[in-house]
Amino acid sequence: MPPSFDEMKDALDLASKSGIHRLITALEERGFIRRLPNRARALEVIKLPEAYNPSLQQRRGFSPSVIEGSLGKPQLVTPPAPAKPAPSADNGNSVSVPVMGRIAAGVPISAIQNNTHDIVVPADMLGSGEHYALEVKGDSMIEAGIFDGDTVIIRNGNTANPGDIVVALVDDEEATLKRFRRKGASIALEAANPAYETRIFGPDRVKVQGKLVGLIRRYH
């Protein structure tokens with residue numbers, strides 16, 4: 001029997017069920033689960049993560065395996081070390097940038113705060129400041145030319161101008177890639193896809209974690 005939203009909230013040590021609603025929606029959009037209409041506890045698992053290990057599930061009572069990240073904690077990305085020159089064939093004109101995990105361009109998900117690997121980018125893409133990269137998950141920024149699977153290059157910082165595309169931390173627990181706007185005293189996080197609504201927050205609920213300065217796309 002699937003756990004209730006209250007049971008999931010308690011198991012993940014979240015303050016409210018709103019975070020569970022967002023996570024369930026994100027899992028459904030990515031094809032891991034299906035919600036059955038007009039039924040209580042109506043969650044059906046369709047597929048399991050590639051890293052699933054059945055031996056980890058043999059525990060007494062309800063004790064889910066949780067991917068290590070920053071969910072429910074007031075952190076998004078540990079400030080990365082400054083990008084460092086990388087050896088290359090073009091006489092040092094490339095820089096190594098840490099990839100810090102995934103960022104949602106859609107339903108907000110928690111960004112992983114650990115450096116998973118590094119990528120090499122042209123030095124003239126960066127400019128001054130410290131930088132990190134995030135892999136994009138979702139389709140809410142497609143009209144800005146940002147697609148699911150892209151890697152975005154972010155200049156670390158906590159300020160933004162209206163119209164900038166930023167990594168935003170909402171309520172100290174969820175991260176998303178959106179266009180930054182101001183609506184009076186409030187902050188608007190605007191999608192670049194008409195299927196997604198602009199979300200409005202009080203200024204104390206949103207923290208800018210960096211601005212988009214570049215994008216890398218691989219064609220297969």
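The values are calculated or read from the model by the stated rules, or taken from the named source; none is laboratory data. Fair warning: this is a prediction, and the values are worked out from it, not measured in the lab. Positions of Cβ are backbone-derived with ideal geometry, glycine not excepted, and every protein chain shown enters the neighbour counts. Keep in mind that these areas ignore ligands, DNA and RNA; they rest on the heavy atoms of the full protein, side chains included. Shrake-Rupley method; radii C 1.70, N 1.55, O 1.52, S 1.80 Å.
Can you sort Met125, Met141, Met1, Met8 by solvent-accessible area, 1.4 Å probe, largest first? Let's see the in-between values first.
On the way: Met125 55, Met141 0, Met1 195, Met8 30 Å².
Output order, biggest surface exposure first: Met1, Met125, Met8, Met141.
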>> So, taking all protein chains as they sit and a 1.4 Å probe, how much accessible area belongs to Arg22, in Å² rounded to tens?
In response: 40 Å²
> Between Gly101 and residues 5 or more places away or on another chain, which pairs have amide H atoms under 5 Å apart, with H built 1.01 Å from N, and which residues are they?
Replying inline: Thr116, Glu135
> Which length gain, in nm to one decimal place, applies between Asn161 and His21 when the Cα-Cα distance is subtracted from 0.36 nm times their residue separation?
Replying inline: 47.4 nm
>> Using the basic label-point model (7 angstrom from Cα toward the beta carbon), what is the Arg181 to Met1 distance in nanometres?
In response: 4.5 nm
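Highest mean first, what order results for 195-205, 93-103 on Cβ atoms within 10 Å? Spell out each step's value before the answer.
Values: 195-205: 12.7, 93-103: 21.0.
Ranking, from highest mean packing down: 93-103, 195-205.
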> Given H placed on each backbone N at 1.01 Å, which residues far from Val95 in sequence or on other chains put an amide H within less than 5 Å of it?
Replying inline: Ala86, Val121, Ala123
> Counting Lys and Arg as +1 and Asp and Glu as -1, what is the net charge of the other residues whose Cβ lies under 13 Å from the Cβ of Pro194?
Replying inline: -4
> Hey, if we sort Arg218, Arg30 by accessible area with the 1.4 Å probe, largest down, what's the order?
Replying inline: Arg218, Arg30
